[in-house]
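Report on the following structure.
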Amino acid sequence: MPDIKVTPLGAGQDVGRSCILVSIGGKNIMLDCGMHMGYNDDRRFPDFSYITQNGRLTDYLDCVIISHFHLDHCGALPYMSEMVGYDGPIYMTHPTKAICPILLEDFRKITVDKKGETNFFTSQMIKDCMKKVVPLNLHQTVQVDDELEIKAYYAGHVLGAAMVQIKVGSESVVYTGDYNMTPDRHLGAAWIDKCRPDILITESTYATTIRDSKRCRERDFLKKVHESIERGGKVLIPVFALGRAQELCILLETFWERMNLKAPIYFSTGLTEKANHYYKLFITWTNQKIRKTFVQRNMFEFKHIKAFDRSYADNPGPMVVFATPGMLHAGQSLQIFKKWAGNEKNMVIMPGYCVQGTVGHKILNGQKKLEMEGRATLEVKLQVEYMSFSAHADAKGIMQLIRMAEPHNILLVHGEAKKMAFLKDKIEQEFNISCYMPANGETTTVTTNPSVPVDISLNLLKREMALGGPLPDPKRPRTMHGTLIMKDNSLRLVSPEQALKELGLSEHQLRFTCRVHLQDPHSDTDTLSRIYSHLKSVLKGYAVQHLPDSTVMVESIVLKVSSSAEEPDLKVVLLSWCFQDEELGSFLSTLLKKGLPSAL
Amino acid sequence: MDISSDEADDWFMESLHIYRDLHVFQLEHPTKVIEWTGEKSICVADYSSARNEILELLLPLKLYAGGNKGLCPERDFKLQHGGFCDEPVECLRHIFGKRCVVTSGQYSSKLQVWDIGEGDSDIIKRTGVINPKCPSDKGRKIASGVTDGASVLHGSRINDVQQTELVSGRVLYAVGTDSLDAVSGLQFVNSSTFVVCANNGTLYVGDTRDPRMKHYVLHGSMSGSHWVFALRKDQPHSDPAACTVARLSSFGQVLVSDLRNLCSPVRQAQLNLQQNMATCDFLNVTWAPVLDSCLAVSGFDGKVHIFDTTSWSTVSQTPQPVFVHRGHDLSHEAKTDGTLLVVTTHVWHPWRPRTLLSAASDGSIHVWDWVDKNFEHF
């Protein structure tokens, strides 16, 4: 039976890294190649030995697809392509292609330079890896090869995040990566058409949550900033790039206006440079509405937000500063942090996840004393706030996505099956589809029922229609005779005669002959007549004929009666039929073997 | 949500000062029950859809992070257990001391017993059915027994109130009165004493050792009033002397009485609340478990109103609420079918003084911790 195989790489209940293998129509695709951020050793890389034990992956994979730039989805990519070895195409959207290498380089610097680790990819490897990337546009079908095609859909979540449809023939799989169904201020909600994939693969991580509204998260942010400003404190907000940062700026600007606040808000110059760079990405990536309300704002059109200068950090009084980088691991945000950390009136708001080894990660774990360069200790007295702004789908979101795409099956990765039995029941009951929950390292095989489109010759179609009977009904398939010709890439259904003609063959005729012995005291001619009457009464609706040349014909079956001089009562009935009448012929011989009724 | 709605924006801005904490969630289907099943978990259930779900939700961890609140980013409800009920859920009660709830539904008079389940599976399984031993209306009211032997007190009319042991299904007690008054609520005061409130405001006090009940007719109730009640106890097995009963009518009348003397209320008030719903189904009054003399009222409209009864007297006046939660009205996506939004139920947090949970007919569920202006305490 045709099937699709899905294997999430990793082990046991391991959550925190995405790397999924799909085998469909003879093609092998790797979906995401994430790093596990919780491990410091080789366990952080996916285990590629499942694909092959012998080194390079190029021959075993048709393509790799990356859904978005978060490290738990792309962090292991340079390791896979340059250290394990893969030379095939790597697909991702344009923004992902632009942002990935920056995050990977940052990550590499932290891990190697700061933590002094070996067995990690180098800067050159990141560059070489990105050379293999083929960028994707939304809703554009890309032919990976003759048979495999992929298409990216808008996923929301972060800039450049995509859901991907993979199609071979009439079998398809949709992988969601991370997505969200409620629009953000700058990102919009995920969208997909009723593509009806055989399998929809999605994360189970958030399937059992009910998300607090975005408004309440924003409220918390504003409340914290306001509290700090009111008591004369300074607020540092380390951010990565455009998008979230701009959204928070607009929020603060509106708030400042409403509350008539005077404290200055600054946006560091490092961010401005990056902003111009990513500005272009945004234009093509976001939709019309968001472009109007959000993207067209120039960074410096804010009334209350000004460009930052290093010297301002020493100014007295309250202020808010947005600075890069986002995890406080280097640069301007770290410099400002060092200056402000000692004052409990101040605050740092971390808007997202921080990699191990960074100052951000340490303070989010409650560390109050940090060791800086040159053995200097930094006391962390300022207030640390961890706010999660990333947009994820929740239990309701998954149901909405299923309603949109109408998959035949759904597969949830990274979850514990026992803890998700209710969700499975809910999905199966509401949509009447199967829900799979493989453990990491476990392969799920989903049987598909692909339809194979075939061209039918006009003659054959007419012939079938001419047979009369009810109109064609897809629920009641009717048997027809035809010949399937598979030539080049086409499939044609033609009548057997036409097929033979095209192939230059002549049809063989097959005739069966059998003899039935009957005890009958009549003459041969009379016996034949009796046989004729018997058959006529039994085979109503068939053409039974008694011909002048002493044969009886039933359809194309010929019957003759003869006997020998020695035994005139032992009649030999000769039956002869061609292959097409095999069934009727067998029936007749069985019937006659029972003898003739005496009443004739 | 309509981001450009001015009133909604105003409220969110105001919320920075009037709430310490605020969480706004959207369930797939509205609930009219919120029941605590543990220190940090609640049960909710559908009353309006074809496939009625019962969900046990874990409250956002951020609320419990104490001093480390800043470092905890978890703001979401976590779905811990779920199950399917064959009818819309009218009443849901957690059984004291057990991982078990009992529900009544809108299609029948039976009660269903559910096992919430422990760590291993996340399914809420039905483990039994209780059929009342006499004809009964649909949607019976339920109260949990307060002793170790799991039991429920339930009824739809005063004459069919009975106590059933869960495991055996045995009827432990049945009232011996033939009053046909409809039951609007019931509750145990201690292991044998219980109070029943009828729709017309009459209170019945009974003891499971005696089928006779004392009843206290309400005088001065406006005709057509529908009454609900709330009992305030100091501990689970308290002396009846230390109990206060509040009764609320669909016309906004509130009577506060001492359980020792139910004939004359010690305080009363006429709340300035207009009911905009045709049904009295969602009328709800509750006592704050920590704050003295505070009660919360909902079911009239899309708000929850909190009153401090300390200053009330025996002469009915119209008090101002100390707080009004308008969140459901102001974060509500306007429905095109013209149905009015109403708060379907609310509960107080067991030990956080000013934290409440409220649900509304649009499926929203809020967790909020309001600021007492007189307190100025952050």
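Read-outs throughout are calculated quantities, based only on the coordinates presented, and are distinct from any laboratory measurement. Please read all numbers here as calculations on a predicted model, not as lab measurements. Counting neighbours? That spans all protein chains shown, and the Cβs are built from the backbone with ideal geometry, glycine included.
Worth a mention:
- Counting only DSSP H runs of at least 4 residues, each contributing -39500 (n - 2.57), and dividing by the residue count of chain A, the helix-based mean residue ellipticity at 222 nm comes to -8000 deg cm²/dmol.
- Sequence-distant aspartates and glutamates (8 or more away, or on other chains) whose Cα lies within less than 14 Å of A:Lys234: A:Asp314, A:Glu344, A:Glu385
- The label point for B:Ala50 and the one for B:Asp6, both projected 7 Å from the Cα toward the Cβ, are 4.3 nm apart.
- Using the Cβ of B:Gly145 as centre and a radius below 13 Å, the other residues enclosed give a net charge of +1, where K and R count +1 and D and E count -1.
- Extension gain for A:Leu547 to A:Gln124 (0.36 nm times residue separation, less C-alpha to C-alpha distance): 142.9 nm.
- Neighbouring partner chain Cβ atoms per residue of A:385-398, average, 10 Å criterion: 3
- Tail fraction, Cα-Cα pairs, the stretch A:385-444, threshold 13 Å, whole percent: 67 percent
- Cα lying deepest toward the dipole's positive end in the stretch A:111-248, options A:Thr118, A:Tyr154, A:Val225, charges on Cβ: A:Val225
- Neighbouring partner chain Cβ atoms per residue of B:13-25, average, 10 Å criterion: 5
- Full extension of the segment from A:Thr513 to A:Tyr312, taken as 0.36 nm per residue of separation minus the current Cα-Cα distance, would add 61.5 nm.
- Reachable lysines, given that their alpha-carbon falls under 17 Å from the alpha-carbon of A:Lys5 and they are not under 8 places away in the same chain: A:Lys27, A:Lys167
- For chain B, the share of alpha carbon pairs falling in successive 10 Å distance bins from zero is 5, 23, 34, 27, 10, 1, 0 percent.
- Net charge dipole size for chain B [Lys, Arg +1 and Asp, Glu -1 on Cβ; Debye, nearest 20]: 1220 debye
- Which of A:Val22, A:Ile99, A:Tyr79, positive extreme of dipole for the stretch A:1-135 (C-beta unit charges): A:Ile99
- Förster radius 35 Å - calculated FRET efficiency between A:Gln367 and B:Ser191, Cβ distance, rounded to 0.05: 0.10
- One compactness figure for the stretch A:443-557 is 1.71, namely its Cα radius of gyration divided by 2.2 N^0.38 Å.
- Annotation: amide H of A:Met319 within the under-5 Å range of A:Lys234, A:Val235, sequence separation 5 or more or interchain, hydrogens built in the peptide plane.
- A crude spin-label estimate for the pair A:Glu117 and A:Arg196, with each label 7 Å from Cα along the Cβ direction, gives 4.6 nm.
- Paramagnetic label zone (point 7 Å from Cα along Cα-to-C-beta, A:Tyr50; backbone N under 20 Å) in the stretch A:422-451: A:435-448
- Mean sequence separation of contacting Cα pairs (under 8 Å, at least six apart), scaled by the length of chain B, corresponds to a relative contact order of 13 percent.
- Subtracting the Cα-Cα distance of A:Met1 and A:Asn432 from 0.36 nm times their residue separation leaves 153.0 nm of extension gain.
- For the protein assembly as shown, the residue among A:Val561, A:Gln383, B:Gln26 whose Cα projects farthest onto the positive side of the dipole built from Cβ charges is A:Gln383.
- About its Cα centre, the stretch A:1-113 has a charge dipole of approximately 120 debye under the convention of +1 per Lys or Arg Cβ and -1 per Asp or Glu Cβ, with nothing else charged.
- For B:Lys141, the lysines whose Cα falls under 19 Å of its own Cα, not counting residues fewer than eight places away in the same chain, are B:Lys32, B:Lys110, B:Lys133.
- Taking only the Cα atoms of the stretch B:1-79, the radius of gyration and Dmax are 15.4, 44 Å.
- Modelled spin labels at A:Thr141 and A:Gln498, positioned 7 Å past Cα toward Cβ, are 2.6 nm from each other.
- Over 21 Å [Cα-Cα, the stretch A:307-376], rounded percent: 23 percent
- Too-long pairs where the Cα-Cα distance tops 23 Å, listed order kept, from A:Lys419/B:Lys98; A:Lys536/A:Lys593; A:Lys362/B:Lys40; B:Lys62/B:Lys125; A:Lys115/A:Lys381: A:Lys362/B:Lys40; B:Lys62/B:Lys125; A:Lys115/A:Lys381
- Dipole check for the stretch A:297-389: with +1 at the C-beta of Lys and Arg, -1 at the C-beta of Asp and Glu, and the Cα centre as origin, the magnitude is about 60 Debye.
- The simple Förster model, with R0 at 22 Å and r as the Cβ-Cβ distance, assigns B:Glu14 and B:Asn374 a FRET efficiency of 0.80.
- Shielding value for A:203-215 is 6, the average number of Cβ atoms from other chains within 10 Å of each residue's Cβ.
- Kirkwood Rh in Å, taken over the protein assembly as shown so that all alpha-carbon pairs contribute: 34.1 Å
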